[in-house]
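The values are calculated or read from the model by the stated rules, or taken from the named source; none is laboratory data. Keep in mind that what you see is a predicted model, and the values were worked out from it rather than measured. Here the Cβ is made from the backbone with ideal geometry for all residues, glycine too, and neighbour counts use every protein chain on show.
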Amino acid sequence: MTTARIVVTLKNGVLDPQGKAIEGALGTLNFQGVGKVRQGKVFDVELDTKDRAKAESDLNAMCEKLLANTVIEDYAVEIVEE
């Protein structure tokens, strides 16, 4: 069994209205010194394989085909457990 974490974030330069709203809300809640806030998504995925290369290949394919909109989003795949 291989467990991975995928983090999907908006590319730099892409407007992030949800991040802007969170930024404003933090200021309203008196959290001082908060700069720019960007939001994203996290996926924890378990694969029934111990082959790290196959797992990474499959995870990247999942991101390219479904989990990330690669026109406006970047993603990072991290194997956290094998």
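One line per residue, one yes/no per condition, for (1) among the β-branched types (Val, Ile, Thr); (2) surrounded by 10 or more Cβ atoms within 10 Å (Cβ to Cβ); (3) at pLDDT 95 or above; (4) not in a loop (DSSP other than H, G, I, E, B):
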| residue | (1), (2), (3), (4) |
| --- | --- |
| THR3 | yes, yes, yes, yes |
| ILE6 | yes, yes, yes, yes |
| THR9 | yes, yes, yes, yes |
| GLY19 | no, yes, yes, yes |
| LEU26 | no, yes, yes, yes |
| PHE31 | no, yes, yes, no |
| GLY35 | no, no, no, no |
| VAL45 | yes, yes, yes, yes |
| THR49 | yes, yes, no, no |
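When the range 41-50 is limited to residues that are farther than 16 Å from THR70 by Cα and aliphatic (A, V, I, L, M), the one that is farthest from the chain's Cα centre (by Cα) turns out to be LEU47.
Okay, residues lined up against (1) of a type in the set (Val, Ile, Thr); (2) under 16 Å from the mean Cα position of the chain (by Cα); (3) farther than 13 Å from ALA76 by Cα:
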{"position": "LYS11", "(1), (2), (3)": "no, yes, no"}
{"position": "VAL14", "(1), (2), (3)": "yes, yes, yes"}
{"position": "GLN39", "(1), (2), (3)": "no, yes, yes"}
{"position": "ARG52", "(1), (2), (3)": "no, no, yes"}
{"position": "GLU64", "(1), (2), (3)": "no, yes, no"}
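Does GLU56 satisfy the condition of being modelled with pLDDT of 95 or more and surrounded by fewer than 12 Cβ atoms within 10 Å (Cβ to Cβ)? When the stated conditions are applied, GLU56 does not pass them. Counting only residues that are of a type outside the set (Gly, Ala, Ser) and surrounded by 13 or more Cβ atoms within 10 Å (Cβ to Cβ), which one in the range 59-68 is nearest to ARG5 (Cα to Cα)? Checking each candidate, the answer is LEU59.
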